[in-house]
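Notes to accompany the following structure.
The values are calculated or read from the model by the stated rules, or taken from the named source; none is laboratory data. These numbers were taken from a predicted model, which means no experiment stands behind them. Glycine also receives a Cβ, built like all others from the backbone with ideal geometry; neighbour counts cover every protein chain displayed. Heads up: the accessible areas ignore ligands, DNA and RNA and are worked out on the full protein's heavy atoms, side chains in. Shrake-Rupley method; radii C 1.70, N 1.55, O 1.52, S 1.80 Å.
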There are 2 protein chains.
Amino acid sequence: MQGREIDIHGLDPIIHERVRLAILVLLSETESLDYNSLKKVLKITDGNLVSHLRKLEDNGLISVKKSFVGRRPRTTYSITEEGRQRLSEYLKNLKQLISGVE
Amino acid sequence: MQGREIDIHGLDPIIHERVRLAILVLLSETESLDYNSLKKVLKITDGNLVSHLRKLEDNGLISVKKSFVGRRPRTTYSITEEGRQRLSEYLKNLKQLISGVE
DNA sequence: CAATATACTTTGTAACACAAAGTAGGAGGT
DNA sequence: ACCTCCTACTTTGTGTTACAAAGTATATTG
């Protein structure tokens, strides 16, 4: 217990939020995902999804590309290099925290 | 990506908070911890710590015992059986979410 | 008697998550 | 021409939250 290292401040609050963590994980696994795919997978409301995406974008963790498929708009999200690194750092700290439970 | 199962709602919001998660992990590793040990390990303010402990207690995840050592008060915290189970369930879902990154 | 320790409570603030409803601009159907 | 649907939002609102700072009661130590 005294030898146990606990660093909650290593858990980036921008990343440590359920929806945003899920988005980053999803984006880290694929090249990119569009808005509707994210909405379907995450099962959350539009307002909710958009605000989390905006926060991730504002923090430089994801990038956004707007295009058209036929005449329909498509917004596509990708994780940035910085996002990948910060996610990795977050996961390192998270795993250290939860390692040894059970 | 379409086969990927993502269930953010399986991540209990009571547990999914940095300080509370850390407290539960710490308590799951030892018999019990007193207030001051928690404060030292977590490096947070009193008000902050107390409020998180209260929330965990109110939700039945930890139990609280008050005693005296000499004439000094000592408050001791333990994880409950329910807390252990809910932490375990939370961790199962969390690990599933972050598995496969990198 | 002053300072320190324990374990809080009170007060305040700024941020946050989330839902519900509304919007624009085009597509497709009748 | 009209209506509904789709995408990707924005706006508005509500209730909760995390957190810090400061104060408190009780007791011990210097």
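For B:His52, state whether it is at pLDDT 95 or above, at the interface with chain A (Cβ under 10 Å from one of its Cβ atoms) and within 29 Å of A:Ile23 (Cβ to Cβ). No; evaluated as a whole, the condition is false for this residue. For segment A:22-39, the set of residues classified as buried (at least 17 other Cβ atoms within 10 Å of the Cβ) and in a helix (DSSP H, G or I) consists of A:Ala22, A:Ile23, A:Leu24, A:Val25, A:Leu26, A:Leu27, A:Ser28, A:Tyr35, A:Leu38, listed by residue number. Please go through segment B:22-49 and pick out each residue that is within 7 Å of chain A (Cβ to nearest Cβ), of a type outside the set (Gly, Ala, Ser) and more than 14 Å from DNA strand C (Cβ to nearest atom). Those that are within 7 Å of chain A (Cβ to nearest Cβ), of a type outside the set (Gly, Ala, Ser) and more than 14 Å from DNA strand C (Cβ to nearest atom): B:Val25, B:Leu26, B:Glu29, B:Thr30. Being within 9 Å of another protein chain (Cβ to nearest Cβ) and either more than 10 Å from DNA strand C (Cβ to nearest atom) or free of Cβ contacts under 8 Å to residues at least 40 places away in the same chain (or both) is the filter here; which residues of segment B:11-21 pass it? Answer for segment B:11-21, where residues must be within 9 Å of another protein chain (Cβ to nearest Cβ) and either more than 10 Å from DNA strand C (Cβ to nearest atom) or free of Cβ contacts under 8 Å to residues at least 40 places away in the same chain (or both): B:Pro13, B:Glu17, B:Arg18, B:Val19, B:Leu21. Answer yes or no as to whether A:Gly83 is within 14 Å of another protein chain (Cβ to nearest Cβ), open to solvent by 50 Å² or more (accessible area, probe 1.4 Å) and either of a type in the set (Gly, Ala, Ser) or part of a helix (DSSP H, G or I) (or both). No; evaluated as a whole, the condition is false for this residue.
If you take the residues in segment B:40-68 that are open to solvent by 70 Å² or more (accessible area, probe 1.4 Å) and more than 8 Å from DNA strand D (Cβ to nearest atom), which one is farthest from B:Ile14 (Cα to Cα)? Per the criteria, the residue is B:Phe68.
Of the residues making up segment A:86-100, just one is at the interface with another protein chain (Cβ under 7 Å from one of its Cβ atoms), over 19 Å from the mean Cα position of the chain (by Cα) and open to solvent by 20 Å² or more (accessible area, probe 1.4 Å), namely A:Gly100.
If the condition is being part of a loop (DSSP other than H, G, I, E, B) and surrounded by fewer than 14 Cβ atoms within 10 Å (Cβ to Cβ), then segment A:69-80 contributes A:Gly70, A:Arg71.
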